[in-house]
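Asks: Below: one structure in structure tokens.
Every read-out reported here was derived from the displayed coordinates using simple, explicitly stated rules and does not represent laboratory data. Keep in mind that what you see is a predicted model, and the values were worked out from it rather than measured. Cβ coordinates were reconstructed from backbone atoms using ideal geometry, including for glycine residues, and neighbour counts include every protein chain displayed.
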Amino acid sequence: MTVALLVAAGFAVLVALWAIQLRTRDAATADIGWTILVAGGAIAGAALGDGDHTRRWLVGALAFIWATRLGFYLLRDRVLSGRAEDGRYRYLREHWGTSAPRNFLFLYLAQSVIAAMFIVPLVAAMRGGALDTWAAAGIAIWIISVGGETLADSQLARFRADPANKGTVCQDGLWRYSRHPNYFFEWLHWFAYVLIGHAALLTWLGPAAMLLFLFRITGIPYTESQALRSRGEAYRTYQRTTSVFLPLPPKQLNPR
């Protein structure tokens with residue numbers, strides 16, 4: 001009964017976000033929906049799950065902080081920034097035409113599937129006995145990854161805020177070493193639960209699912225295509241000199 005109520009609450013959140021976009025004609029809130037569900041699922045798992053009490057609440061707190069930070073960042077960057085609707089959703093709105101309201105409802109509800117893929121490894125990491133050195137290693141990875149993701153987001157936001165940088169490519173700080181350092185640290189973060197959960201099989205779903213989304217669905221392919229359209233040759237040069245994902249020293253181009 002409790003699980004059914006939690007699922008119903010999750011669907012209610014997604015339907016509410018969908019209803020808001022009917023008025024605003026901006027579907028960027030879909031990107032926030034799954035983070036809300038992951039944050040709620042982390043707390044619910046800690047309160048209701050199996051395993052050592054301290055272990056459960058450690059995993060729940062770490063995941064809640066991560067999801068909440070990401071959700072607020074997406075809210076500021078994509079919903080409250082005053083920019084036009086994200087190109088992905090503008091395209092879908094035009095492509096779907098009169099079917100857009102119905103299809104966007106399905107898209108919002110699909111965020112529950114995404115959230116479930118990330119809640120499962122959290123619950124798996126919560127199972128087990130008292131915390132040990134594996135947990136300490138996991139906390140270290142969490143601090144490094146969330147700190148790195150926050151730094152990358154702040155460096156990009158600062159770059160975008162300067163009108164002189166319009167149409168240019170951000171290569172400040174971490175962006176000098178990776179074209180997507182925020183995505184890299186977002187992926188790395190999921191290894192914290194692999195370590196805390198003693199590498200139990202289901203804990204690997206977190207980094208595996210995140211890598212799939214980043215490289216094949218909504219992350220890097222879309223971001224790179226948008227950057228090429230808006231920045232052209234400058235971004236092509238950036239692609240040739242800078243690692244796509246792992247932070248690595250930039251390459252030097254051979255002069256012609």
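Asks: Hey, what did the chain get for relative contact order, percent, Cα under 8 Å, at least 6 apart?
Replies: 20 percent
Asks: Would segment 1-128 count as rounded, prolate or oblate if I go by the C-alpha gyration tensor, calling it rounded below 1.5 in a/c and otherwise prolate when a/b exceeds b/c, oblate otherwise? Walk me through the numbers before you get to the answer.
Replies: Details: a/c = 2.99, a/b = 1.98, b/c = 1.51.
Verdict is prolate for segment 1-128.
Asks: Please state the charge dipole magnitude for segment 1-128, taken about the Cα centre, from unit charges on C-beta atoms (+1 on K and R, -1 on D and E), reported in debye and rounded to the nearest 20.
Replies: On the way: 13 positive and 8 negative charges, 37 e Å.
Using Cβ point charges on Lys, Arg, Asp and Glu, segment 1-128 gives about 180 debye.
Asks: Before anything else, pin down the relative contact order of segment 128-256: Cα pairs under 8 Å, at least 6 apart, normalised by residue count, whole percent. Please list the in-between numbers first.
Replies: Values: 142 pairs, mean separation 40.5, N = 129.
Here the relative contact order equals 31 percent.
Asks: Along the principal axes of its C-alpha atoms, what lengths does the chain span, in descending order and rounded to whole Å?
Replies: 61, 49, 28
Asks: Once you charge only the Cβ atoms, +1 for Lys and Arg and -1 for Asp and Glu, what is the size of the charge dipole of the chain about its Cα centre, to the nearest 20 debye?
Replies: Values: 25 positive and 16 negative charges, 172 e Å.
My answer is approximately 820 debye.
Asks: Just how far, in whole angstrom, is segment 34-64 from segment 87-104 if you go by their alpha carbon centroids?
Replies: 34 Å
Asks: If I model a spin label at Y222 and F106 as a point 7 Å from the Cα along the Cα→Cβ vector, what separation in nanometres do I get?
Replies: Going by the 7 Å Cα→Cβ label model, 1.7 nm.
Asks: Placing +1 on the Cβ of each Lys and Arg and -1 on the Cβ of each Asp and Glu in the chain, which of L174, I119, L211 has its Cα farthest towards the positive end of the resulting dipole?
Replies: The one lying farthest along the dipole's positive direction is L174.
Asks: Give the peptides 196-209, 127-140, 93-106 in descending order of average Cβ contacts within 10 Å, highest first. Walk me through the intermediate numbers first.
Replies: Details: 196-209: 19.1, 127-140: 14.9, 93-106: 12.4.
Result, highest mean Cβ count within 10 Å first: 196-209, 127-140, 93-106.
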